[in-house]
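The next block holds one structure in the form of structure tokens; read it before the comments.
The values are calculated or read from the model by the stated rules, or taken from the named source; none is laboratory data. The shown structure was predicted, so the numbers you read here are calculated from the model rather than taken from an experiment. No Cβ is skipped: glycine too gets one built from the backbone with ideal geometry, and neighbour counts run over all protein chains shown. Each accessible area value is taken on the protein alone, full model and side chains, heavy atoms only, with ligands, DNA and RNA left out. Shrake-Rupley method; radii C 1.70, N 1.55, O 1.52, S 1.80 Å.
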Amino acid sequence: VIEDDAAVIAPASGRLVCLECFSPVSENAKCEDCSLPLCCQGPRHKVECRQMARFIGERTPSLYLSVAVLRLLAVDSGTWELVDTLMDHLEERKGDAGEGDWEKVDRGVIKY
């Protein structure tokens, strides 16, 4: 059996879940500071709370991707070095998209 530690733990998009314990929550269960779904306190949510408190917009499960990115950017240097060695499959994505479509992605998403 091979075991490994996760670099980042974050919820998937979909239903509302607590950003700390990942239990399902109602729309009324919110962090007092950032208004994201939260039913308990702990170390995980502290990472993104300050940044998301400045976000002006609707709080929906689609923000979970932003939470995952913020948590990834906050990992220690040792973990970041391990994550940075992971394959990005960029060449395969470019080939699958086709040159014209990849230019749109590069210009409209990556450089945005």
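If a residue must be out of contact with any strand residue (DSSP E or B) (no Cβ under 8 Å at 6 or more places or on another chain) and open to solvent by 40 Å² or more (accessible area, probe 1.4 Å), how many such residues does segment 28-56 contain?
Adding up the residues that qualify gives 17.
So, of the residues in segment 11-27 that are modelled with pLDDT under 90 and either more than 17 Å from A74 (Cβ to Cβ) or aliphatic (A, V, I, L, M) (or both), which turns out to be most open to solvent (accessible area, probe 1.4 Å)?
Out of the qualifying residues, it is R15.
Might you check whether a residue that is surrounded by 14 or more Cβ atoms within 10 Å (Cβ to Cβ), among the polar types (S, T, N, Q) and modelled with pLDDT of 90 or more occurs anywhere in segment 76-87?
Yes, segment 76-87 contains at least one residue that is surrounded by 14 or more Cβ atoms within 10 Å (Cβ to Cβ), among the polar types (S, T, N, Q) and modelled with pLDDT of 90 or more.
List the helices (runs of 4 or more DSSP H) that sit entirely inside the chain and contain at least 2 residues that are under 15 Å from the mean Cα position of the chain (by Cα) and free of Cβ contacts under 8 Å to residues at least 40 places away in the same chain.
Filter on the chain gives 43-53, 64-73.
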